[in-house]
Each structure stands twice: as C-alpha cells, then as structure tokens.
Amino acid sequence: MQWMYSVRWSLRHLPCPGERELIRMTVPAGAPVPDEVLAKHEFCSGYAVCIDFLSDKEIKRWSPERKATARRRNMERRINKRAPLFAEELIAQELAARPDYFSGK
C-alpha cells in the first residue's frame, strides 16, 4: 500500500488562480510528508496538503443483473413508502419510462 501526498486547490467556492495541483508525490504507507511537498505549500493561499491512500485492490463492479435487481428493489421500496395505495401503477410507470436503467445498463 502507498500514500500520495499532494498540494491541491481546496476552496471549491472560488475559482482556482492557477494549476489545481501544484505537486504530487507517492511514498510508502506511513511515511511523513516529503519536504518537497511542504515547500510548495503556503498557509492561507487556498492550497492544502492532501493525502490519498492508494490501494492495489481491484475495484469490484456489480453485474448488470445485480444492478437491475438493486435498482428495482430500491425504487419499489421508495414508492411503497411514499404512496402505497398507488404503488403498482407508479412502479409500472417508472419501469416504462426508464427500461434501460432498470435492466442494469
């Protein structure tokens, strides 16, 4: 496992005056912030020292069938909670309006 230290623009409500990322360095897990990263950082400048935890694990993706099952289940749960009297009609409307989404695509 490795860590990545960087100096990035951190004020989302303001436009970035220059580059969004000034420096990026990858180090072994547990290593302190490199001096090169700290040298690029200025207090009250809008940039912040950030850390990302990099992993070698592969991201597991759901199959289209599993996505479809979960999406349909969640939609049915939401509709039954808000409008149980008209649930069957509203579920049919949702399935007709977005067939690709509820088939897992």
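The values are calculated or read from the model by the stated rules, or taken from the named source; none is laboratory data. A quick note: this is a predicted structure, and the numbers were derived from the prediction, not measured. Just the protein is used for accessible areas: all its heavy atoms, side chains included, with ligands, DNA and RNA removed. Shrake-Rupley method; radii C 1.70, N 1.55, O 1.52, S 1.80 Å.
Which angle from 0 to 90°, rounded to the nearest 10, does the C-alpha axis of helix 64-82 make with the longest principal axis of the chain?
Orientation of helix 64-82: about 70 degrees from the principal axis.
For K57 and R98 in the same chain, what is the full-extension length gain: residue separation times 0.36 nm, less their Cα-Cα distance, in nm? Present the calculation step by step, with values, prior to reporting the outcome.
Details: separation 41, 0.36 × 41 = 14.76 nm, distance 3.33 nm.
Contour length minus the Cα-Cα distance gives 11.4 nm.
For the chain, which whole percent of the accessible surface, found with a 1.4 angstrom probe, sits on carbon and sulfur atoms? Walk me through the intermediate numbers first.
Values: 4610 of 8480 Å².
Percent of accessible area from carbon and sulfur atoms in the chain: 54.
Can you tell me the 0 to 90 degree angle between the C-alpha axis of helix 87-97 and the longest principal axis of the chain, rounded to 10?
That works out to roughly 60 degrees.
Averaged per residue, what accessible surface does the chain expose to a 1.4 Å probe, in Å²?
81 Å²
Would you mind calculating the gained length between V49 and K67 on full extension (0.36 nm times residue separation, minus the Cα-Cα distance), in nm to one decimal?
On the way: separation 18, 0.36 × 18 = 6.48 nm, distance 3.69 nm.
My answer for the length gained is 2.8 nm.
For Cα extents along the principal axes in Å, the listed values are [x] 69, 28, 19; [y] 63, 34, 22; [z] 58, 33, 21; which was obtained by calculation from the structure presented?
Step by step, Cα extents along the principal axes in Å for this structure corresponds to label [y].
Two-decimal Rg/Rh of the stretch 24-80 from alpha-carbon positions, Kirkwood Rh? Show your work: numbers first, answer last.
Working: Rg = 21.1 Å, Rh = 16.0 Å.
With Rg and the Kirkwood Rh in hand, the quotient comes to 1.32.
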